[in-house]
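**Student:** Handing you this structure, nothing more for now.
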Amino acid sequence: TSWIGARDPAVTAVLAVLAELLVDEPAAQVRCREEVAARNHVLPQWIRDLPQAEAYRAVRRRHVLADADELVLGIRFGRHEMTVAVFIDHLGCSSITDGGAVPEPIDVALARVAESSVDTEVIEMSLADARAWIEDAFTKPVFAPETDCWPLYRALVQWAIGRLPD
């Protein structure tokens with residue numbers, strides 16, 4: 001609400017991104033979209049490409065003891081890619097205890113993580129299965145403390161699972 005009055009192009013860009021990410025707040029989405037449409041600011045291409053974003057790959061990084069899984073999604077929008085990860089702790093009711101994103105393709109992100117992680121197995125999974133796993137984890141109670149990333153990335157994760165098939 002406080003940003004609506006600011007007519008700065010950077011604020012317009014933030015409102016355009018919020019219009020995509022606020023999937024669980026449809027009234028706020030509409031308000032942001034209307035405000036962006038009423039302005040004459042040119043948005044960066046990557047922001048204009050967000051509505052057409054598509055998830056193209058999902059993998060599960062399973063911990064060797066099977067007490068946690070990290071679901072990793074590859075998402076493309078225009079010429080850009082991002083990797084979104086969700087950490088599901090099976091010792092804590094199989095709830096989401098962490099999440100995050102990096103602005104790089106999933107193959108690059110997985111390769112970087114593999115260099116420092118020897119206790120996980122990477123398993124390909126269907127996009128629909130990834131959605132089901134993450135949506136189920138969202139319904140579980142969370143007993144873990146907040147991290148630097150979670151629940152900060154919650155809106156981004158919810159937007160990302162909206163790019164997955166049912």
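**Student:** Among the residues of the stretch 29-63, how many are touching a strand residue (DSSP E or B) at 6+ places or on another chain (Cβ under 7 Å) and either open to solvent by 30 Å² or more (accessible area, probe 1.4 Å) or not in a strand (DSSP E or B) (or both)?
**Tutor:** Here is the first cut: in the stretch 29-63, the residues touching a strand residue (DSSP E or B) at 6+ places or on another chain (Cβ under 7 Å) are 46, 49-50, 52-63.
From the residues that got through so far, the ones that are either open to solvent by 30 Å² or more (accessible area, probe 1.4 Å) or not in a strand (DSSP E or B) (or both) too are 46, 49-50, 52-54, 56-57, 60, 62-63.
Within the stretch 29-63, residues that are touching a strand residue (DSSP E or B) at 6+ places or on another chain (Cβ under 7 Å) and either open to solvent by 30 Å² or more (accessible area, probe 1.4 Å) or not in a strand (DSSP E or B) (or both) number 11.
**Student:** Residues being of a type outside the set (A, V, I, L, M), farther than 16 Å from Q52 by Cβ and part of a helix (DSSP H, G or I): count how many of those fall in the stretch 9-28.
**Tutor:** Qualifying residue count for the region: 3.
**Student:** Any residue that is closer than 24 Å to T147 by Cα and of a type in the set (F, W, Y) - is there at least one of those in the stretch 80-89?
**Tutor:** yes
**Student:** Tell me which residues, restricted to the stretch 16-28, are hydrophobic (A, V, I, L, M, F, W, C) and either surrounded by 13 or more Cβ atoms within 10 Å (Cβ to Cβ) or touching a residue at least 60 places away in the same chain (Cβ under 8 Å) (or both). Before the answer, list the steps.
**Tutor:** Of the residues in the stretch 16-28, the ones hydrophobic (A, V, I, L, M, F, W, C) are 16-19, 21-23, 27-28.
Matches in the stretch 16-28: A16, V17, L18, A19, L21, L22, V23, A28.
**Student:** Let me ask something additional. Please pick out the residue among D67, D8 that is open to solvent by 30 Å² or more (accessible area, probe 1.4 Å), charged (D, E, K, R), more than 15 Å from the chain's Cα centre (by Cα) and under 30 Å from A114 (Cβ atoms). Working first, answer last.
**Tutor:** Working: D8 fails: under 30 Å from A114 (Cβ atoms).
Being open to solvent by 30 Å² or more (accessible area, probe 1.4 Å), charged (D, E, K, R), more than 15 Å from the chain's Cα centre (by Cα) and under 30 Å from A114 (Cβ atoms) holds for just one of D67, D8, which is D67.
**Student:** Still on this structure, I have one more. Which of (1) among the charged types (D, E, K, R); (2) crowded, with 16+ Cβ neighbours inside 10 Å; (3) closer than 21 Å to G78 by Cα is the odd one out, the single condition D107 does not satisfy?
**Tutor:** Single failed check for D107: (2).
The values are calculated or read from the model by the stated rules, or taken from the named source; none is laboratory data. Just so it is clear, the structure is predicted and the values come from calculations on it, not from any experiment. Note that we place each Cβ from the backbone using ideal geometry, even for glycine, and neighbour counts take in every protein chain shown. For the accessible areas, the whole protein counts, side chains as well, though only heavy atoms, and no ligand, DNA or RNA atoms are used. Shrake-Rupley method; radii C 1.70, N 1.55, O 1.52, S 1.80 Å.
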